Amino acid sequence: MNLGKQIFLHLLVIALLAGLEYLLPVYHQGVFARVMVLAVFAMGYNILFGYTGLLSLGHAMFFSAGLYGAGMTVYHLDWGLPLAFLTGIFCAAALSLLIGLLALRTTGVAFMIVTMMFAQVFFLATLYFGEWTRGDEGIVLPQATRLIEFSGLHFDFSNPVTRYYAALVLFAVVLFITLGIVRSRFGRVLVAIRENEERTRMLGYNVFANKLWALVISAGISGAAGAAYALLFGYVGSTFASVQYSILPLLWVLLGGASTTLGPLIGTVLMYYLVDFSSDVLARAVPDWNFSYLGVVGVALILLVLFFPKGILGTIRARWARWLP
Amino acid sequence: MKPLLIARNLSRHFGGLKAVDMVDFSVDAGEVRAVIGPNGAGKTTLVSLLCGRIQPSSGVIGFNGQDITRMPAHLRVRAGIAYTFQITSIFPNLPVYDNIALAVQRTLADGRSRKALDASVRDAMLHVGLTERASTPAAALSYGHQRLLEIAMGLALHPRLLILDEPTQGLSDGEVKDFIKLVRTIRKEATILLIEHNMDVVMKLADRITVMDSGRILAEGSPRSIRANAKVQQAYLGTADA
């Protein structure tokens, strides 16, 4: 049911993003490459928050596990990019398995707090082990390390066009993985856990194991985003492990629409430009005040939760298009 | 008859309250057993212990020749014990179809086939008469239909033992009649343990009745003998029997 329509819509979005590469000015092309990678992060977050109903405040640690896992292996060990990318995903997934075994014993607010505390530990660890991570200052990956030579093909990820398409490929793959999960029986069980955990258990499902899988997949995707971020943009720093990178994916997903496949992309694009735009406007309007963009983020979060809890695609689905996955 | 379910010395204490107190209880395969008793007698606590939603303070439970005392609830469901909640428990935001599919997809031996899943879901909807409401969100169903949906989910698990916790609570007279008919068809496939306040339903359906009071079993026997039991009349039936 509706499968054809859903696949068509997702392909259309990917084609649109590919077309934008020709149309956009250089600055916005750079923004979109970044946004697509961050949207992958949001899609990973959405698996756990939107579909499974678990609100984590610790996803910065999975994103940055991917970031450091990929970046540090390239920088210190000189591993090739494909292997570094996989290492990033592996680090995030393995970390989430360990943390899930502990944190998933809690629910609700306790789960939020436990995940946030673990993420803070991870953040502080990136500072503590500054000898390897270079802490706040971070690691800049030299251009020479961000190349793939593959049987005559030559990819240089410091080239904006290559970077754009690499981000698009990752985005497209993860988008279809998400669609696959959502339409699968496993996806239906995740939604069931969100809707009524006790009933799901009394249908004979191992709720804990399903939640753990959801967390590992969610973290694996977030880690893939982090790894891609490190390799495409060449910078690895502890800012990405700080608490704001746990809150941002929540915001992107809420704005675009939790438990919709395309909501994370829409939310990430809009939020990115909103922050960009409002920083300019505020700086011009009241030049003496030193606005932090986190203020804009906070206000947006409060407004969304109060007045627009379904987000953009969630509202469209509820009103007009029930077939949206 | 060999018992399908046996509990020995089963107790559950909440602080000082002995909700279930040293109960010996067994259900034979194929019977319809009713558990009755005044509010607070420990009926729901008893079945919650049997299906694993809560852990006993002491005692053992056997099902189908296996000790299940320490078995987690979801594995007991897989072993064949299905439970429908006293307070309707469904997936309110999902369509009727998905509610039942969630029950079916766990039990299908052939886990791959979409067709087999679809056929079983349609069977279950037909059985309780919800076919026309397949795409209605469960929350939009009438209360009576929600109860039927929950029974359909229980049935779709193909249980050996189906526990119905006050299934007719809040139903209209007509719906209660349909419910009695439904249970008579279900009993061909499963043993039924029924907690029920409506004595009319109990007398019509039960092969045997267990009467509980203050966490203990007060009496057990056929509907006729329970009706005649002086102790039971005093504790319970005297005020409720119609």
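The values are calculated or read from the model by the stated rules, or taken from the named source; none is laboratory data. The structure displayed is predicted, hence computed values, not measured ones. Positions of Cβ are generated from backbone atoms using ideal geometry, with glycine treated the same way; all protein chains shown enter the neighbour counts. Ligands, DNA and RNA are stripped out before the accessible areas are found, and what is left, the full protein with its side chains, is counted by its heavy atoms. Shrake-Rupley method; radii C 1.70, N 1.55, O 1.52, S 1.80 Å.
Just one of B:Gly40, B:Gly30, B:Gly16, B:Gly52 is surrounded by 18 or more Cβ atoms within 10 Å (Cβ to Cβ) and of a type in the set (Gly, Ala, Ser); which is it? That would be B:Gly52, the only listed residue that is surrounded by 18 or more Cβ atoms within 10 Å (Cβ to Cβ) and of a type in the set (Gly, Ala, Ser).
With a requirement of 2 or more residues that are within 14 Å of chain A (Cβ to nearest Cβ) and either touching a residue at least 40 places away in the same chain (Cβ under 8 Å) or among the charged types (D, E, K, R) (or both), the strands (runs of 3 or more DSSP E) lying completely within segment B:27-89 that satisfy it span B:81-84. Within segment A:98-111, the residues that satisfy the criterion of being open to solvent by 80 Å² or more (accessible area, probe 1.4 Å) and within 15 Å of A:Ser218 (Cα to Cα) are A:Leu98, A:Leu101. Could you tell me which residue of segment A:174-201 is modelled with the lowest pLDDT, considering only residues that are small (Gly, Ala, Ser) and farther than 17 Å from A:Gly108 by Cα? Across segment A:174-201, the extreme among qualifying residues is A:Ser184. For B:Val128, state whether it is touching a helix residue (DSSP H, G or I) at 6+ places or on another chain (Cβ under 8 Å) and either farther than 14 Å from B:Val96 by Cβ or within 14 Å of chain A (Cβ to nearest Cβ) (or both). Spelling it out, it is not the case that B:Val128 is touching a helix residue (DSSP H, G or I) at 6+ places or on another chain (Cβ under 8 Å) and either farther than 14 Å from B:Val96 by Cβ or within 14 Å of chain A (Cβ to nearest Cβ) (or both). The helices (runs of 4 or more DSSP H) falling completely within segment A:244-325 that include 3 or more residues that are within 23 Å of A:Met43 (Cα to Cα) and in contact (Cβ under 8 Å) with a residue 60 or more places away in the chain map to A:244-256, A:263-285. Go through A:Phe90, A:Phe63 for me and flag whichever is crowded, with 24+ Cβ neighbours inside 10 Å and in a helix (DSSP H, G or I). None of the others qualify; the one that does is A:Phe63.
Going by what's in this entry, would B:Ala124 be described as part of a helix (DSSP H, G or I), of a type in the set (A, V, I, L, M, F, W, C), within 24 Å of B:Asp178 (Cβ to Cβ) and in contact with a Pro (Cβ under 6 Å, 6 or more places away or on another chain)? Against the criterion (part of a helix (DSSP H, G or I), of a type in the set (A, V, I, L, M, F, W, C), within 24 Å of B:Asp178 (Cβ to Cβ) and in contact with a Pro (Cβ under 6 Å, 6 or more places away or on another chain)), B:Ala124 does not qualify. Checked against (1) under 18 Å from B:Leu182 (Cβ atoms); (2) more than 10 Å from every other protein chain (Cβ to nearest Cβ); (3) surrounded by fewer than 23 Cβ atoms within 10 Å (Cβ to Cβ), B:Ala119 passes all but condition (1).
Of all residues being part of a strand (DSSP E or B) and open to solvent by less than 60 Å² (accessible area, probe 1.4 Å) in segment A:148-167, which is nearest to A:Gly80 (Cα to Cα)? Just the residue, please. My answer is A:Ile148. Scanning segment A:6-57 for residues that are among the hydroxyl-bearing types (Ser, Thr, Tyr) and open to solvent by 50 Å² or more (accessible area, probe 1.4 Å), we see that the one that is farthest from A:Gly108 (Cα to Cα) is A:Tyr22.
Looking at B:Arg114, B:Arg133, which is the one that is of a type outside the set (Asp, Glu) and closer than 30 Å to B:Lys204 by Cβ? Can you show your working first?
Values: B:Arg114 fails: closer than 30 Å to B:Lys204 by Cβ.
Only one candidate passes the filter, namely B:Arg133.
Regarding B:Ile90, is this residue open to solvent by less than 40 Å² (accessible area, probe 1.4 Å) and either among the hydrophobic types (A, V, I, L, M, F, W, C) or out of contact with any strand residue (DSSP E or B) (no Cβ under 8 Å at 6 or more places or on another chain) (or both)? The answer is yes for B:Ile90. Note on segment A:1-60: residues that are of a type in the set (A, V, I, L, M, F, W, C), over 24 Å from A:Leu254 (Cβ atoms) and in a loop (DSSP other than H, G, I, E, B) total 2.
Scanning segment B:191-220 for residues that are among the hydrophobic types (A, V, I, L, M, F, W, C) and under 19 Å from B:Gln86 (Cβ atoms) returns B:Ile192, B:Leu193, B:Leu194, B:Ile195, B:Met199, B:Val201, B:Val202, B:Leu205, B:Ala206, B:Ile209, B:Val211, B:Met212.
Residue-by-condition table, conditions (1) modelled with pLDDT of 90 or more; (2) charged (D, E, K, R); (3) open to solvent by 50 Å² or more (accessible area, probe 1.4 Å); (4) under 29 Å from A:Val13 (Cα atoms):
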position: A:Val243; (1), (2), (3), (4): yes, no, yes, no
position: A:Ser246; (1), (2), (3), (4): yes, no, no, yes
position: A:Trp252; (1), (2), (3), (4): yes, no, no, yes
position: A:Gly263; (1), (2), (3), (4): yes, no, no, yes
position: A:Arg284; (1), (2), (3), (4): no, yes, yes, no
position: A:Val296; (1), (2), (3), (4): no, no, no, yes
position: A:Ala300; (1), (2), (3), (4): no, no, no, yes
position: A:Phe307; (1), (2), (3), (4): no, no, yes, yes
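For segment A:182-194, what are the residues that are touching a Pro at 6+ places or on another chain (Cβ under 7 Å) and open to solvent by 40 Å² or more (accessible area, probe 1.4 Å)?
Correct list: A:Arg183 only.
For segment A:195-215, which positions are more than 21 Å from B:Met71 (Cβ to Cβ) and either crowded, with 23+ Cβ neighbours inside 10 Å or at the interface with chain B (Cβ under 9 Å from one of its Cβ atoms) (or both)? Hits for segment A:195-215 are A:Glu195, A:Asn196, A:Ala214, A:Leu215.
Just one of the listed residues (A:Leu141, A:Leu179, A:Leu170) is open to solvent by less than 60 Å² (accessible area, probe 1.4 Å), among the aliphatic types (A, V, I, L, M) and touching a His at 6+ places or on another chain (Cβ under 9 Å), namely A:Leu179.
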